Amino acid sequence: MILTRRKLLQGSAALGAATLSPHMGLAQNEGFTSITARLASMQLAPDGYAQTDVWGYEGLTPGPTIQVAKGARVQRQFVNELPQGSSIHWHGIRIDNAMDGVSGLTQDAVEPGQTFDYDFVVPDAGTYWFHAHNKSVEQVARGLYGALIVEEDEAPDIDQEEVLLLDDWLINPDTAQLDPDFEAPHDRSHGGRNGNFITTNGDYQFSSDVKQGDRLRLRLINAANARIFVLSLMGLEGWVMAYDGMPLDKPEKVNGEFPLAPGQRVDLFVDVTAEEGEAAYLLRTIDEQLLPQAAFPVTARSSVSTRDAPQPLPPNHGEHITDVSDATAVTLRMEGGAMGRLNTAVLDGEEMTFRQLAEANQFWSFNGVVGMTETPLAGFSRGEMVKLKIENETRFPHAMHLHGMHFREVLEDGQFGPMRDTILTYAGRTTEIAFRADNPGKWLFHCHMLSHSAAGMRTWIDVA
Ligand code: C2O
Ligand code: CU
């Protein structure tokens, strides 16, 4: 098969027969096992292209899936064989603060040749992930991430499960190597580092055989630095079962396109309706073009004829917020970026003009402050109900992620959205979220478009 550069850039070559099973590693609950971050190379681009140098957990990207039972204790000795300090963040887990893995906030970066013992309990079932949290814009882009799956007490009624980590890579089509400029001012001031080569589980033509009539569970994880995937189904009838690990009270029918922002996850149950000999697809839309993100060739017919709509997954702790009139109110005003209106903001205690900030490769502010400071955005006492208004006064969408706790969006009609840990806020709009500050510690709150985070969009809250 001859691939043109254009096809490579679209990452959309004809669907081949290649099948890649996800890297699965069942975690044993018996003391520490190691997880080593190291340099590796892999055949990311199509055959005929050079291998790509990546960084991966256990030399793999995605790293080995960690799959454990709800309530299990996870013990991993992180071994850093990278040329930079690093740490691991367990995205979406209601974790003990000391194990949250944020270099510079909850721990020091683990220096090359050093180790750190992560030891925590996973209280909620669901789809989570782990990724590097030092120089994330570089380390995640180089491949340092993997899935963390926490199983329900009782396995739901499905025939097949697929953990799908969606990513895009910015690679040079001549050399197949990653663009090494992880700090490009244009990425930082615009939409972030968007790749030109899109993969699922590191495979640009991910494919997995299915049977007609089977019910699949798709655990989708957006591991990209900045890309908002716009997804849809073909030959599949689907329901959203959970967002960011947290089950919905009522499964939601998938109708048309749905976005998945960086850091977000969605659990879908999908019934294969495509005929035997055809294929079903998870599709992505880019520039009004529909392309396969994952293919499911239908190789047989299932013995089950038709199924009822799925029952909801068993609930996690998911608090039902009913009233936030007495909640502590906090406002976070986002400013900056290209075409924004930011005049001045404070960087390292100094008031700077937008031009001066740009010279420092910083572009965004929260409440007039760029990046992390010694003092938190806000401090709460444990158990306090918080409503946080996010005013996006920039020209870009931002995927805001709160560590350590899930929140609900406060909707206009007085209702509350699903529990989430990462929410897409749109340009020029105000989004309000509410949560109970019930996990003590220092929790990062930042944009998961990692170039934005590196260029100013991060702060933290303190729960006493
Ligand atoms: Cu998934 Cu602070 O990150
Ligand atoms: Cu952002």
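Only Lys, Arg, Asp and Glu count, each charged at its Cβ (+1, +1, -1, -1), so figure out the dipole size of segment 16-152 about its Cα centre, rounded to 20 debye. It comes to approximately 140 debye.
Rounded to the nearest 20, the Cβ-based charge dipole of the chain about its Cα centre (Lys and Arg +1, Asp and Glu -1) stands at 620 debye.
Taking the Cβ of S302 as the centre, find all other residues whose Cβ is under 9 Å away and add up their charges (Lys, Arg: +1; Asp, Glu: -1). Display every interim value, and only then the final one.
On the way: positive: K211, R215, R301; negative: D159, D214.
Once positives and negatives cancel, what remains is +1.
Taking amide hydrogens as placed 1.01 Å from N in the peptide plane, the amide H of Q293 sits under 5 Å from those of L282, L283, R284, each at least 5 positions away in sequence or on another chain. Note that segment 433-446 has calculated 3J(HN,Hα) couplings of 10, 9, 7, 9, 7, 10, 10, x, x, 9, 10, 6, 9, 8 Hz, one per residue in order, obtained from phi through the Karplus relation 6.51 cos²θ - 1.76 cosθ + 1.60 (θ = phi - 60°); glycine and proline are x. Annotation: amide H-H contacts under 5 Å for L170 (H modelled 1.01 Å from N, sequence separation of 5 or more, or interchain): D179, N196. Over the C-alpha trace of segment 161-301, radius of gyration and Dmax come out as 16.1, 52 angstrom. Projecting the Cα positions of F380, F229, P112 onto the charge dipole of the chain (unit charges on Cβ atoms of Lys, Arg, Asp and Glu, taken about the Cα centre) puts F229 furthest along the positive direction. Within a straight-line Cα-Cα reach of under 12 Å, K389 can be paired with the following aspartates and glutamates, leaving aside sequence neighbours fewer than 8 residues apart in one chain: E409, E432.
Our helix-only sum for the chain, with -39,500 (n - 2.57) per DSSP H run of n ≥ 4 divided by its residues, gives a mean residue ellipticity at 222 nm of -1000 deg cm²/dmol.
With a cut-off of at most 14 other beta carbons within 10 Å, and DSSP calling the residue loop, which chymotrypsin sites (Phe, Trp or Tyr not before Pro) in segment 362-463 qualify? Please list them. It would help to have the intermediate numbers written out before the result.
Numbers: sites: F363, W364, F366, F380, F407, F416, Y426, F435, W443, F445, W460; in loops: F363, Y426.
Those that pass, being in a loop and sparsely packed, are Y426.
In whole angstrom, segment 16-152 maps to an equivalent ellipsoid with semi-axes of 25, 20, 12, each derived as √(5λ) from the alpha carbon gyration tensor and ordered largest first.
Most simply put, segment 328-463 has about 75% antiparallel DSSP beta bridges, counting only bridges with both residues inside it.
What relative contact order, as a whole-number percentage, does the chain give when Cα pairs under 8 Å and 6 or more residues apart are counted? Relative contact order for the chain comes out at 14 percent. Derived scalar couplings between HN and Hα for segment 280-292 equal 9, 9, 8, 10, 10, 10, 9, 6, 6, 9, 9, 10, x Hz in order, rounded to whole Hz, by the Karplus curve 6.51 cos²θ - 1.76 cosθ + 1.60 (θ = phi - 60°), x for Gly and Pro. In summary, the convex hull built on the alpha carbon positions of the chain has an orientation-averaged projected area of 21.6 nm². Close amide H partners of G104, meaning residues 5 or more places away or on another chain with modelled amide H under 5 Å apart, are A109.
Scalar couplings 3J(HN,Hα) for segment 131-147, obtained by applying the Karplus form with A = 6.51, B = -1.76, C = 1.60 to θ = phi - 60°, are 7, 4, 10, 9, 6, 4, 4, 8, 6, 6, 5, 7, x, 7, 7, x, 8 Hz; x denotes Gly and Pro.
Bear in mind that the values in this text are calculations on the coordinates, not laboratory data. Please read all numbers here as calculations on a predicted model, not as lab measurements. Ideal geometry is used to build each Cβ from the backbone, glycine not excepted, and the neighbour counts take in all protein chains shown.
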